[in-house]
């Protein structure tokens, strides 16, 4: 079947694959959604005992009244959720930590679309616990990663080539996001746009539309087709265009703050001298302490977006802050709690917090213009909606797809002219800052498309032309031995093999530096680490080293460790080839 499918023309092949991916990604997103609400009920409604607003499209109400319940348990809930999530992720699939979308983008560009199957259940469960316990995170990141895993696994099962596996990963991203946000068109466009800062992947739009439509249909049959934030019924006024332009400038600046704060906090947690398993617990506890003052930062925050859109100010609550000050600080608080919840290694997305931040930036700007020009800006709803678009369009470098997605989520087609102005300006103001660090500028910069633009010498050379070094560790070696071998070779990591010479994975110095010298290194092996074969190109090997920031790459044939190819050996092979070419000329 695999050969027959691969031999089909593009449209026929991706019609079939789009249907398959849509069904599976739709079911996976449905399971995630159910688990998320289950853990939310257990942690927030039962354990903490507080009411939590839901958006109109998820059986929410505009008559929501906040009830404090066992308010002091908020940090405890986030600690428990962070601990469980951290233990699950770092035990079974460390690559599932954080917001997930970056890992999916990285798999597309650098790993030939390879995503381990174990990432799918780990990301679903860990993210549902993180968000359900109150962590300031969203559904997009987890959905993108486990749906990309669906694409990768399906492609492998069907025996598809690497280029099709890459496309399947991207299509999976779009199908999952289009499903869980009820945005089938926006999901398909996001799959094409999220991979790059300044470009699109046109070949995934067609299958993305099919897969998103199928997943959306499955999800809608179970949970309804009402847009997430209900139906916006306001009108568009050209007189507000200058106001939307101002909102675009502010959104662009806030997007820069979001990116810098998020990765600044991530860097801080990476330096913490404690096991990775425990870091999400610490981040959750700190975020929970902030939420004692501003409980609106709890969870995804979608319900609060609906409430501010319809100006239900009486629903908002803080034990110490007056309403106007609460509304002003909410965007900054959400940036802080998201950075703590996810930057610590917690499992959740950055899209929902981004919409929340953008909505309240828009609300604050809208309130200011309403005060100054009450007849031109009679209500803040259009500013809330356009704020979501302009903020995340800039932060995620996805201007086109976020306009379509938020329009689908709010049914606000009449606001498109203002949205386009605001998003264009925020995108320009934010420059190259992006919340998705694995994005590359354009298709030309992606390893997935290098062959279309250039054929360098290193793409012709094979690993078999390099001198391999037999530097390795046994899984029975101790941490002391590993540290000594790394020091002797000036490496920060080493490959590990078992007694029969099978490649097991890689051990990193930063993981063992505080371990007991007598411990076995087997405990610290990062399994599923990328490697090359003897027939791999030097270009591909170089890309792996660039991503892993290593001076070597493991060479494996049929599971058997052959040695390592170092940067020096590749340079030597390159120089030998250059000399041979010079003699020929």
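Tabulated values for the structure
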item	result
Boolean, residue 461 is over 30 Å from residue 269 (Cβ atoms), buried (at least 17 other Cβ atoms within 10 Å of the Cβ) and in contact (Cβ under 8 Å) with a residue 60 or more places away in the chain	yes
Residue match in region 270-291 (condition: without any contact (Cβ under 8 Å) to a residue 40 or more places away in the chain and within 22 Å of the chain's Cα centre (by Cα))	yes
Residue 96 being touching a residue at least 40 places away in the same chain (Cβ under 8 Å) and over 29 Å from residue 5 (Cα atoms)	yes
Conditions (1) more than 15 Å from the chain's Cα centre (by Cα); (2) part of a loop (DSSP other than H, G, I, E, B); (3) in contact (Cβ under 8 Å) with a residue 40 or more places away in the chain; (4) closer than 23 Å to residue 529 by Cβ: number failed by residue 115	(1)
Region 264-273, residues that are surrounded by fewer than 17 Cβ atoms within 10 Å (Cβ to Cβ) and in contact with a helix residue (DSSP H, G or I) (Cβ under 9 Å, 6 or more places away or on another chain)	264, 267, 268, 270, 272
Cross-chain or 6+ apart pairs with Cβ under 6 Å, region 190-208 first and not assigned by TED's automatic domain parsing to the domain that holds residue 174, then in a helix (DSSP H, G or I) and at pLDDT 90 or above	none
Residues (surrounded by fewer than 17 Cβ atoms within 10 Å (Cβ to Cβ) and under 30 Å from the mean Cα position of the chain (by Cα)) located in region 55-80	59, 61
Members of region 119-149 that are assigned to a loop (DSSP other than H, G, I, E, B) and modelled with pLDDT under 90	139
Residue in region 163-182 that is surrounded by fewer than 24 Cβ atoms within 10 Å (Cβ to Cβ), in contact (Cβ under 8 Å) with a residue 12 or more places away in the chain and out of contact with any helix residue (DSSP H, G or I) (no Cβ under 7 Å at 6 or more places or on another chain) present	yes
Single residue of 396, 387, 418 found to be outside the structural domain of residue 565 (by TED's automatic domain parsing), closer than 30 Å to residue 225 by Cβ and under 19 Å from the mean Cα position of the chain (by Cα)	396
Residue that is surrounded by the fewest Cβ atoms within 10 Å (Cβ to Cβ) [pool: residues in region 100-141 that are touching a strand residue (DSSP E or B) at 6+ places or on another chain (Cβ under 8 Å) and within 16 Å of residue 195 (Cα to Cα)]	109
Selected residue (criterion: nearest to residue 510 (Cα to Cα)) from residues of region 545-572 that are part of a helix (DSSP H, G or I) and modelled with pLDDT of 90 or more	545
The listed residue being under 30 Å from the mean Cα position of the chain (by Cα), part of a helix (DSSP H, G or I) and surrounded by fewer than 24 Cβ atoms within 10 Å (Cβ to Cβ), out of 336, 340	336
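Quick grid of which residues meet (1) over 19 Å from the mean Cα position of the chain (by Cα); (2) modelled with pLDDT of 95 or more; (3) surrounded by fewer than 22 Cβ atoms within 10 Å (Cβ to Cβ); (4) under 18 Å from residue 130 (Cβ atoms):
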{"position": "225", "(1), (2), (3), (4)": "yes, no, yes, no"}
{"position": "230", "(1), (2), (3), (4)": "yes, no, yes, no"}
{"position": "238", "(1), (2), (3), (4)": "yes, no, yes, no"}
{"position": "244", "(1), (2), (3), (4)": "yes, yes, no, no"}
{"position": "257", "(1), (2), (3), (4)": "no, yes, yes, no"}
{"position": "299", "(1), (2), (3), (4)": "no, no, no, yes"}
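The values are calculated or read from the model by the stated rules, or taken from the named source; none is laboratory data. Remember, it's a predicted structure, so these values are computed and weren't measured experimentally. For neighbour counting, all protein chains shown are included, and Cβ atoms are generated from backbone atoms with ideal geometry for every residue, glycine included.
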